[in-house]
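**Student:** Next up is a structure, given as structure tokens.
Here, each number is a calculation from the coordinates, and none is a lab measurement. Keep in mind the model is a prediction, meaning the values are calculated, not measured. Because the Cβ atoms are built from the backbone with ideal geometry, glycine has one as well, and the counts that use them run over all protein chains shown.
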Amino acid sequence: MKEADLEAALKAAFSRCDYNFCPLSEEQKQIMLQVIEELIEQKALADNRSNNPLDELSSEQRQSFWQYIQVQEQQNLSWKAQLLNDWLQGRDSGAMQFIREVYGFEWLNRIKPGHIAKYAQEALKLKLGDRIEVSNGLWEWVQETGPCSREWFSCTVIAVDETNCTIRFSNGAEYQIQGAYNWNRYNWRWVE
């Protein structure tokens, strides 16, 4: 129910009270109207808090945010703790400084894992021209502790479809990553 509808309903109730010889004083009517306004404001605030805070970011900000999270997780660090430590120690947070300056601590505190999961798939989608690094695990057998270890090579995305992408290395060689979002997701990462 909208604010105007609630006010109309209250005024109809005031009229009924008058009609049934139980009139309310002007002061009582004002108190009831104020209570309704406060309830509407509280509901709007609660609705805003239940929405995904990441919806408030631009797509570029979300992409930067997602990349920051990935870098921190690759280093087994908590992204939120890292940001808070920067803030508490007065350090610049680099590409994430906009969160402190524009959104603040309350916004950051509203973020829950489900909010991030909503945008995780969007953030993983490759586009033409994206710079990524791919592992030699795409074309050869590598082991974490073996004679052939994992190496990373920089490249550019030159074609993308729903599940695969084609990349070009700096030497001009091209390679198609099949299952780029599924089984081969482990073998590519965003350039740091």
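**Student:** Can you list residues whose amide H is under 5 Å from A159's amide H, if they're 5+ apart or on another chain and H is modeled 1.01 Å from N?
**Tutor:** Amide H neighbours of A159, under 5 Å, 5+ apart: T166.
**Student:** Under the rule a/c < 1.5 gives rounded, and otherwise a/b versus b/c splits prolate from oblate, where does segment 131-190 land using the Cα gyration tensor?
**Tutor:** oblate
**Student:** Could you let me know the centre-to-centre spacing of segment 146-182 and segment 78-120, using Cα atoms, in angstrom?
**Tutor:** Between the Cα centre of segment 146-182 and that of segment 78-120, the gap is 31 Å.
**Student:** What span do the alpha-carbon atoms of the chain cover on each of the three principal axes, reported in whole Å from largest to smallest?
**Tutor:** The Cα atoms of the chain stretch 93, 42, 27 Å along the principal axes, largest first.
**Student:** Given the rule -39500 (n - 2.57) for each run of at least 4 DSSP H residues, summed and divided by the residues of the chain, what is its mean residue ellipticity at 222 nm, to the nearest 500 deg cm²/dmol?
**Tutor:** After summing the helix terms and dividing by residue count, I get -14500 deg cm²/dmol.
**Student:** Which longest run of the chain has no exposed loop site in it, a site being chymotrypsin sites (Phe, Trp or Tyr not before Pro) in a DSSP loop with at most 11 other beta carbons within 10 Å, and the site itself not part of the run?
**Tutor:** So the longest stretch without any such site is 22-138.
**Student:** Report the FRET efficiency, 1/(1 + (r/R0)^6), for D5 and K112, where r is their Cβ-Cβ distance and R0 is 22 Å, rounded to 0.05.
**Tutor:** Once the sixth-power term is evaluated, E becomes 0.10.
**Student:** Given 0.36 nm per residue, what is the gain on full extension from E174 to A159 after removing their alpha carbon distance, in nm?
**Tutor:** That works out to 4.4 nm of additional length.
**Student:** Hydropathy at least 1.0 by Kyte-Doolittle, axial extent at least 20 angstrom from the Cα trace: which helices of the chain, defined as entire DSSP H runs, fit?
**Tutor:** none
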